[in-house]
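**Q** Mind having a look at this structure? Questions to follow.
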Amino acid sequence: MVVCGDDGLAHRLAAELRGVYREQVTLVVPPAGRAARRPVAGRARAASAALLDRVVTAVNSRGNGGSDDTLAPGERIVEAAEPTEAVLAEAGVARAAALALVYDDDETNIRAALDARRLNPRLRLVLRLYNRRLGQHIEELLDQAAELAGDTAPGRGGAGTDISTTVLSDSDTAAPALVATALVGTSKVVDAEGLLLRAVERRPPAPGEVADPGLCTLALLSATSNDPAGAEGSEDSGEQGPRLLPDAAAVAAATGRGTVVLEQLSYSGPPLPARRGGPPFASLFSRRLRWSLAGLVAAVIALAVALTVVTRDNPLHATYVTLLDLFAINEPAHSQSMGRQILQLLSMGVGLLLLPVLLAAVLEALGTFRTASSLRKPPRGLSGHVVLLGLGKVGTRVLTRLRELHIPVVCVEADPEARGMAAARRLRVPVVVGDVTQEGVLEAAKIHRADALLALTSEDTTNLEAVLYARSVRPDLRAVLRLYDDDFAKAVYRTLRTAHPGALTRSRSVTHLAAPAFAGAMMGRQILGAIPVERRVLLFAAVVVGGYPQLEGRTVGEAFRAGAWRVLALDTAAASGGARGYGPEMPGAGLVWDLPDTYVLRAGDRVVLAATRRGLAELLGRRRGAGAGR
């Protein structure tokens with residue numbers, strides 16, 4: 001396996017492949033890449049500086065055994081400024097089974113992928129791209145190149161060789177977890193290839209209550225998850241930590257522990273097209289102006305009806321005459337009845353009132369269109385919203401998902417030219433431009449009336465400082481921090497939970513959330529997504545049963561391995577020879593998720609699995625071993 005990158009995701013991914021999948025890894029990093037870790041100390045207020053000192057001391061006392069910067073057995077380091085064709089050849093791409101390109105720049109990853117495909121047409125490629133639409137085209141292009149090279153390059157892999165190109169985004173992978181941890185009761189969603197999986201975290205039922213089991217129980221939360229001073233469970237938490245994919249006996253015996261259950265598994269359907277055109281009518285004009293326009297229209301209708309009654313004229317003609325009187329372009333009614341004269345005067349009076357109202361409507365509409373491309377300010381009475389700090393790659397994805405859930409958001413960004421500013425304008429989200437470490441910026445975002453704070457800037461000290469200051473203003477505020485290093489994130493979490501036991505605190509490392517999905521894709525499986533369970537990760541994958549002795553020929557009940565993997569659904573398209581996918585428009589496609597335990601899995605079945613990282617590694621390792629034996 002070859003991993004190329006220039007930030008923490010490359011190191012985390014290499015550690016994932018070594019520790020979980022027991023793979024030999026060649027890591028390609030810039031010359032200073034191994035030492036270029038983001039600083040965890042810097043300019044901050046006195047409170048954040050003191051906490052940073054305590055946290056860094058706690059992290060350092062743990063030792064460096066799990067650091068991604070340590071050269072571990074089975075790892076080879078190649079230092080290069082850019083992944084040129086010569087560098088890729090030196091890293092052994094021509095003989096590698098898979099290559100991950102996780103540079104922060106999309107263009108660098110695409111250029112290296114094209115070079116790698118020429119060096120090894122049978123290579124599995126995993127690319128990190130922020131641009132999702134471009135990623136779809138790149139997948140098709142590289143897969144087509146692999147198929148053409150396979151036809152003209154005999155001896156470079158058999159017909160059963162697993163070749164694929166997978167484009168992932170670390171911000172897309174981490175965004176659902178960051179959103180879910182900020183919102184009480186919000187479910188965790190995996191949406192891929194037309195398949196929607198929705199899991200929800202449920203607290204232990206009160207005495208006398210019966211918990212809703214959902215479709216199945218995916219995990220048991222830590223025994224200490226309800227303890228304000230307790231730590232979130234991780235891989236080495238033991239029996240007190242979270243338990244992934246427990247069996248029925250474990251679920252029944254786990255009294256007092258929260259659960260993560262699969263709540264929904266269905267088709268997601270095609271995404272709705274984006275709304276085009278200008279702002280809706282209601283947003284063009286103020287409420288007072290709309291009522292004024294409605295009143296004038298009602299007055300015109302009343303005058304037209306009265307003129308019809310008085311003159312016994314045709315209603316259409318009476319309306320026309322009323323409009324002429326309204327705009328003062330009709331002949332004076334000298335020789336007509338008194339009623340007609342009074343109605344003409346009233347119509348002229350309404351016309352005088354109509355002129356300023358129409359002028360105000362034009363000015364308001366012009367102002368609305370002019371400010372549609374500018375940043376909005378938080379409304380004066382806003383409350384119950386989420387304050388989002390940082391509109392970079394991760395912040396932009398999180399903002400989009402929050403608005404999809406119709407959750408009010410106020411963004412804070414120091415850079416007026418940040419990547420997410422255009423998205424904020426398009427979504428009409430209020431933005432406060434300023435440095436969150438300066439006094440008054442968080443107050444302008446109405447932090448004292450907010451429900452949650454998402455600190456997602458690229459600087460650890462900025463995120464930590466913002467949370468500490470927000471907690472001094474609002475002690476019970478729900479807070480989520482994005483931190484670069486996962487060990488640092490765990491230490492911050494424990495310290496803040498102890499200092500503020502009455503508030504919900506979560507610290508998340510984006511690389512920790514994204515690495516399992518990238519590692520799974522490198523192993524050649526179609527990873528649909530991942531959800532975090534405290535500090536562990538549960539993967540969802542789609543595999544064809546054939547070649548897996550743990551699945552093929554077994555019933556669904558027999559194929560279940562507690563703590564390793566579980567069959568969730570069957571894709572009937574593979575069995576019927578239909579097109580690959582889950583969309584209902586696909587011929588022969590379908591998804592069956594109420595499989596009985598007695599259903600026998602056949603070689604041609606394509607199933608959706610929930611699996612732990614080690615469970616998926618074991619499943620893949622057994623298949624590769626069987627293939628080698630043949």
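**Q** Testing the spin-label approximation: label points 7 Å from Cα along Cα→Cβ at A145 and A294. State their distance in nm.
**A** Roughly 6.0 nm, to one decimal.
**Q** Right, another one. What shape does segment 440-495 take by its C-alpha gyration tensor, where a ≥ b ≥ c are the square roots of the eigenvalues and a/c under 1.5 counts as rounded, a/b above b/c as prolate, and the rest as oblate?
**A** Prolate shape, in that a/c is at least 1.5 and a/b is the bigger ratio.
**Q** Would you pull out the residues with amide H under 5 Å of L218's amide H, same chain only if 5 or more places away, H placed 1.01 Å from N?
**A** V260, V261, L262
**Q** Now for a separate question. With r defined as the distance between the Cβ atoms of L345 and R426 and R0 fixed at 60 Å, what FRET efficiency is calculated, to the nearest 0.05?
**A** Working from the Cβ atoms, E equals 0.75.
**Q** Now for a separate question. Mind grabbing the accessible area of C411 for me, 1.4 Å probe, Å², rounded to tens?
**A** 0 Å²
**Q** Please find the FRET efficiency linking D247 to S335, where r is the Cβ-Cβ separation and R0 is fixed at 60 Å, and quote it to the nearest 0.05.
**A** Working from the Cβ atoms, E equals 0.05.
**Q** If you average 1/r over every pair of different alpha-carbon atoms in segment 378-449 and take one over that average, what Kirkwood value in Å do you get?
**A** Evaluated on segment 378-449, it is 12.0 Å.
**Q** Right, here's the next one. Under the Karplus relation 6.51 cos²θ - 1.76 cosθ + 1.60, θ = phi - 60°, what is the ordered set of whole-Hz ³J(HN,Hα) values for segment 10-27, x standing for Gly and Pro?
**A** Values, residue by residue: 5, 5, 5, 5, 4, 5, 5, 5, 6, x, 9, 9, 6, 9, 7, 10, 10, 9 Hz.
**Q** Just to make sure I understand: if all protein chains stay in place, what is the order of E16, E459 by accessible area at 1.4 Å, largest first?
**A** Result of the area sort, largest leading: E459, E16.
**Q** Using the beta-carbon distance between D415 and A32 and R0 = 22 Å, what value does 1/(1 + (r/R0)^6) give for FRET efficiency, to the nearest 0.05?
**A** Here the calculated transfer efficiency is 0.30.
**Q** Could you check the simple spin-label distance between T311 and K377, using points 7 Å along Cα→Cβ, in nm with one decimal?
**A** Distance between label points: 5.1 nm.
**Q** How far apart, in nm, are the 7 Å Cα→Cβ label points at V357 and Q438?
**A** About 4.5 nm, to one decimal.
**Q** Just the accessible area for S472, please: 1.4 Å probe, Å², rounded to the nearest 10?
**A** About 80 Å², rounded to the nearest 10.
**Q** A follow-up question, please. Taking H as built 1.01 Å from N, whose amide H comes closer than 5 Å to the amide H of C411, not counting residues under 5 places away?
**A** Sorted by chain and number, the residues that satisfy this are L388, V431, V432.
**Q** Continuing with this model, one more query. Using only the heavy atoms of the protein chains and a 1.4 Å probe, how would M348, M421 rank by accessible area, largest first?
**A** Final ranking, largest accessible area leading: M348, M421.
The values are calculated or read from the model by the stated rules, or taken from the named source; none is laboratory data. Everything numeric in this text was worked out from a predicted model, so none of it was measured. Methodologically, a virtual Cβ is constructed for each residue, glycine included, from the backbone with ideal geometry; neighbour enumeration extends over all protein chains shown. Just the protein is used for accessible areas: all its heavy atoms, side chains included, with ligands, DNA and RNA removed. Shrake-Rupley method; radii C 1.70, N 1.55, O 1.52, S 1.80 Å.
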